[in-house]
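What follows draws every value from the coordinates through simple rules; no lab data is involved. In this text the structure is predicted, and so the values were computed from the model without any measurement. Here the Cβ positions follow ideal geometry from the backbone for every residue, glycine too, while neighbour counts run over all protein chains shown.
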Amino acid sequence: MANNIVVTSQNAVALSEQFKTEELIKPLQKEIFLFDTFVAGTMYLEDETILNDLKVGAALSLRREPKNRFDENAIRVEDEKGRKLGYVPEKDNPVFTRLMDAGKMLTAKVTDIKGKTGYTQVSMAIYLIDF
């Protein structure tokens, strides 16, 4: 009876100590597809072996980087281990920046990986996490 509701005396604090926040809210969230784009700047990676670990379908994290000297709307793209892959392209990021700055959670997934001359193009889909 895996779908039964179990009442316990544990409060939210006890549960948050026992489980990661993502595990607690995962059943309550849904991903809303927003946009297809690519990871800009993969040719500037300090460690290009990061790209060898990427697979289509892999989750990517999006982090605001407001003090970026090149783009005040910069959104950094990281792999599942928190390693920098690049950025959401500057032309695509103003709306996503506003959403993130307003407290909305965005995530991304790898949709395609293509080797090009001198760099690897990583395509991604961006999602809004709704609760």
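Okay, here's what the table says:
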read-out: Cα gyration tensor, the range 29-130 - rounded (a/c under 1.5), prolate or oblate; value: oblate
read-out: Pairs of lysine residues in the range 29-130 - Cα separation under 19 Å, sequence separation of 8 or more or cross-chain; value: 12
read-out: Furthest towards positive pole of dipole, Phe35, Ile50, Met124, structure part the range 29-130, Cβ charges; value: Phe35
read-out: Proxy reagent accessibility, fewest Cβ within 10 Å first, across Arg83, Arg98, Arg69; value: Arg69, Arg98, Arg83
read-out: Dipole magnitude of the range 29-130, debye to nearest 20 (Cβ charges: Lys/Arg +1, Asp/Glu -1, about Cα centre); value: 100
read-out: For the range 69-103 versus the range 48-68, the gap between their alpha-carbon centres in whole angstrom; value: 10
read-out: Ranked by how many other beta carbons lie within 10 Å on average, peptides 106-113, 32-39 from highest; value: 106-113, 32-39
read-out: Linear extension gain, Val95 paired with Phe35, 0.36 nm per residue minus alpha-carbon span; value: 20.5 nm
read-out: Full-extension gain in nm, Tyr119 to Ala58, via 0.36 nm per residue minus C-alpha separation; value: 20.0 nm
read-out: In nm, spacing of pseudo-spin labels at Met105 and Glu46 (7 Å Cα→C-beta vector); value: 2.9
read-out: Note, ³J(HN,Hα) from phi for the range 61-74, Karplus 6.51, -1.76, 1.60, rounded to Hz, x at Gly and Pro; value: 9, 10, 10, 5, 9, x, 9, 5, 6, 9, 8, 5, 9, 4
